[in-house]
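A short write-up of the structure that comes next.
The values are calculated or read from the model by the stated rules, or taken from the named source; none is laboratory data. These numbers were taken from a predicted model, which means no experiment stands behind them. When we count neighbours, we look across all protein chains shown, and the Cβ atoms used for this are built from the backbone with ideal geometry, even at glycine.
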Amino acid sequence: MKIGILSRKQELYSTSRLVESAQERGHEVQVIDHLRCYMNITSHRPKIYYKGLELRGFDAIIPRIGASTTFYGTAVVRQFEMMGVYSVNESVAISRSRDKLRSLQLLARRGVGLPVTGFAHSTKFTNDLIDTVGGAPLVVKLLEGTQGIGVVLAENKKAAQSVIEAFKGLKADILVQEFISEAQGCDIRSFVVGNRVVASMMRKGEKGEFRSNIHRGGKGSKVRITPEERSTAVRAARIMGLNVCGVDFLRSNHGPVVMEVNSSPGLEGIETATGKDVASMVIEYIEKNATPGKTRSKGRG
C-alpha cells in the first residue's frame, strides 16, 4: 500500500513511529506537510499538489493535524476524500472533535458521562453560570486551548468571576466545568483503534498542578481500566466518528466523565507508559479497512 502521513515534521515521534511501522510491514510511506499542499478543486478530477508535483496513487492517509492548522488541514483531508483515498480519520470527524462545545453536546445527547458544563456569551450572568456547575472550585477553559493551555482552576467564587470576566474581556469563548476533586489531579487516556481500546495510561500532574498533560510535566503510567471505562471510551470515539483517537476521562464518584476526544493523539506517552506498539496497531487497522472510496463522507462534510 501507499500511505500518506499528513504531518508538519517527519522528526516528530508519532510521525516517525508511524513511518517506521508502515515500512516494517512493507508499505510505501510519504510524509506530507499539509500546509504546503495546494489544491485544484474541480468537479470531475480533484487534485492535490505538493512541492510542485501532483500527489497520486495513495491508498490511505493518516491525518496528524495540529489544532492550530485544523481549518486548512481538514480541507486537505477532504480533498483526498474527494479523490477516493481512504482516511483513517475523516475530515468531518476531525472538525467535529476539535469543536469542544459541539463535541460535548454530541456526547451529552448520547448519554456519555461528562463533567457538569456551562457555556454563556454574556458576563451579566456570571454568578448564574458558576452556580450551574455547582459553584467553586471550578475549571474555566478556553474553547481553543490545547495541551492544558487556557485551562484555569478557580478555587473560589471571586477567582472564578475574575477569570471568566478576564477571558470574556479578550472576546474569548469559554467553558465552565465542575472540578472533579476525587480525580486527585489524574486523568486517563485510552487509545482507541477501530472499536476497541488498545492501550490506556494514567496521567498525573506535577505536585500542585491540577492539569495532567504530559506536555505540562505530567507523568504517564500503565493503568487497568474497568469495563465501564472501556465502553465509555469506545462509545465516545464512535460518536465523534473517529477510528483512531485518544479519549481522555476522569474517574468521578459517579463513573467516568469524558473531558476530550483527541483526533491526533500522541504516541510517545502511551507507548512509553504501556510498552505497546500502538503505531503498528494503527497501520494494521488501515490494512484491514483501507479500500478505495470507503470514506463515508466522500468529502461532503
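Go through the range 1-28 and report how many residues are in contact with a Leu (Cβ under 8 Å, 6 or more places away or on another chain) and β-branched (Val, Ile, Thr).
Counting residues in the range 1-28 that are in contact with a Leu (Cβ under 8 Å, 6 or more places away or on another chain) and β-branched (Val, Ile, Thr) gives 1.
Out of (1) buried (at least 19 other Cβ atoms within 10 Å of the Cβ); (2) within 27 Å of Ala166 (Cβ to Cβ); (3) in contact with a Leu (Cβ under 9 Å, 6 or more places away or on another chain), the odd one out for Phe119 is which?
All conditions are met except number (1).
For the range 32-68, what are the residues that are surrounded by fewer than 16 Cβ atoms within 10 Å (Cβ to Cβ), within 22 Å of Ser264 (Cα to Cα) and either of a type in the set (S, T, N, Q) or touching a helix residue (DSSP H, G or I) at 6+ places or on another chain (Cβ under 7 Å) (or both)?
Within the range 32-68, Leu35, Ala67, Ser68 qualify.
Quick one: count up the residues across the range 8-29 that are surrounded by fewer than 16 Cβ atoms within 10 Å (Cβ to Cβ), closer than 21 Å to Tyr72 by Cα and at pLDDT 95 or above.
0
Applying the selection to the range 196-216, what residues are under 19 Å from the mean Cα position of the chain (by Cα) and at pLDDT below 70?
Arg211, Ser212, Asn213, Ile214, His215, Arg216
Against the condition surrounded by 16 or more Cβ atoms within 10 Å (Cβ to Cβ) and in contact with a Ser or Thr (Cβ under 7 Å, 6 or more places away or on another chain), how does Ile5 come out, does it pass?
Considered against the rule, which asks whether it is surrounded by 16 or more Cβ atoms within 10 Å (Cβ to Cβ) and in contact with a Ser or Thr (Cβ under 7 Å, 6 or more places away or on another chain), Ile5 comes out as yes.
Can you tell me which residues in the range 227-260 are in a strand (DSSP E or B) and closer than 25 Å to Ala279 by Cβ?
Answer for the range 227-260, where residues must be in a strand (DSSP E or B) and closer than 25 Å to Ala279 by Cβ: Val244, Cys245, Gly246, Val247, Asp248, Phe249, Val258, Met259, Glu260.
Filter the range 62-110 down to residues that are free of Cβ contacts under 8 Å to residues at least 12 places away in the same chain and in contact with a Lys or Arg (Cβ under 7 Å, 6 or more places away or on another chain), then give me how many there are.
Matching residues across the range 62-110 total 1.
Conditions (1) buried (at least 20 other Cβ atoms within 10 Å of the Cβ); (2) of a type in the set (A, V, I, L, M, F, W, C); (3) modelled with pLDDT under 90; (4) more than 24 Å from Ala183 (Cβ to Cβ), marked per residue:
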| position | (1), (2), (3), (4) |
| --- | --- |
| Gly73 | yes, no, no, yes |
| Gly111 | no, no, no, no |
| Phe125 | no, yes, yes, yes |
| Ser162 | no, no, yes, yes |
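If we scan the range 132-141, do we find a residue that is under 25 Å from the mean Cα position of the chain (by Cα) and either under 26 Å from Val244 (Cα atoms) or not β-branched (Val, Ile, Thr) (or both)?
There is at least one residue in the range 132-141 that is under 25 Å from the mean Cα position of the chain (by Cα) and either under 26 Å from Val244 (Cα atoms) or not β-branched (Val, Ile, Thr) (or both).
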